[in-house]
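Asks: Starting off with a structure, shown below.
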Amino acid sequence: EFMTQMVGETYTDPGVIVKIGDEDSEPDDISGTVDINTPGVYTITYSKVNEDGYSASAQRYVGIIDPSALENDFTGEYQRTLYGTNSTPAGFAVWTKIADGLYTNNNVGGVDGRPEYIYEVYVFNVTDDKLIVPKQPNALGGIINCTSTSGGSASDLIDFIEGPVGTESYMWSVKGAG
């Protein structure tokens with residue numbers, strides 16, 4: 001459901017197999033495009049309607065990664081620095097590298113000790129200073145939506161906060177319906 005490739009590489013949709021009962025089938029509709037020349041995250045949606053009229057869809061997120069992102073490695077454990085307006089540090093999050101430009105964050109909200117609020121998300125690092133967390137399902141059946149705290153141009157683009165080398169940071173707001 002999540003994949004990456006470098007800017008300029010030809011994109012070939014790997015497709016999906018739809019299961020209806022025990023039968024394999026093809027989707028009725030495939031929508032979305034991938035701009036291989038522009039770093040970002042693109043969504044491909046596969047849809048199918050069964051003979052009873054019930055529909056289902058699935059998404060694939062394709063991260064187009066600029067070579068500048070390869071200089072970053074976010075792997076590690078990080079402590080949340082703020083909890084709302086409280087300046088007391090909260091929980092920890094572990095970032096794991098899945099592929100070039102693709103990570104999981106096991107506690108995107110940085111919640112401390114409240115498992116019902118701990119969500120894992122996939123995070124794309126598409127350029128040297130751009131992180132994107134696409135809307136994605138959470139384990140409780142809802143949707144995780146990470147947004148810029150400064151109200152940037154894209155709802156899933158995370159704020160990069162410049163500082164002296166080693167002090168740069170990222171900031172976002174997490175909404176996780178469950």
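Asks: Can you pull out every residue in the range 54-79 that is loosely packed, with under 13 Cβ neighbours inside 10 Å, part of a strand (DSSP E or B) and not acidic (Asp, Glu)?
Replies: Across the range 54-79, the qualifying residues are Ser55, Gly76, Gln79.
Asks: Filter the range 1-34 down to the residues that are part of a loop (DSSP other than H, G, I, E, B) and of a type in the set (Ser, Thr, Tyr) and list them by number.
Replies: Correct list: Thr10, Tyr11, Thr12, Thr33.
Asks: Which one of these is under 17 Å from Asp128 (Cα atoms), of a type outside the set (Asp, Glu) and modelled with pLDDT of 85 or more: Ser68, Ser25, Ser57?
Replies: Ser68
Asks: Please go through the range 92-105 and give me each residue that is modelled with pLDDT of 85 or more and not aromatic (Phe, Trp, Tyr), ordered by number.
Replies: Selection gives Val94, Thr96, Lys97, Ile98, Ala99, Asp100, Gly101, Leu102, Thr104, Asn105.
Asks: Also, quick follow-up: Could you figure out which of (1) modelled with pLDDT under 90; (2) in a strand (DSSP E or B) isn't true of Ile44?
Replies: Ile44 satisfies every listed condition except (1).
Asks: Quick one: would you say Pro89 is of a type outside the set (A, V, I, L, M, F, W, C) and at pLDDT 90 or above?
Replies: Answer is no for this residue.
Asks: Going through the range 33-57 one residue at a time, which ones are among the small types (Gly, Ala, Ser) and out of contact with any Asp or Glu (no Cβ under 7 Å at 6 or more places or on another chain)?
Replies: Correct list: Gly40, Gly53, Ser55, Ala56, Ser57.
Asks: Among (1) free of Cβ contacts under 8 Å to residues at least 40 places away in the same chain; (2) open to solvent by less than 80 Å² (accessible area, probe 1.4 Å); (3) out of contact with any Ser or Thr (no Cβ under 7 Å at 6 or more places or on another chain), where does Val16 come up short?
Replies: (1)
The values are calculated or read from the model by the stated rules, or taken from the named source; none is laboratory data. Just so it is clear, the model here is predicted, and its values are computed rather than measured. Here Cβ is always computed from backbone atoms with ideal geometry, including for glycine, and neighbour counts include all displayed protein chains. Side chains included, ligands, DNA and RNA excluded: accessible areas come from the protein's heavy atoms. Shrake-Rupley method; radii C 1.70, N 1.55, O 1.52, S 1.80 Å.
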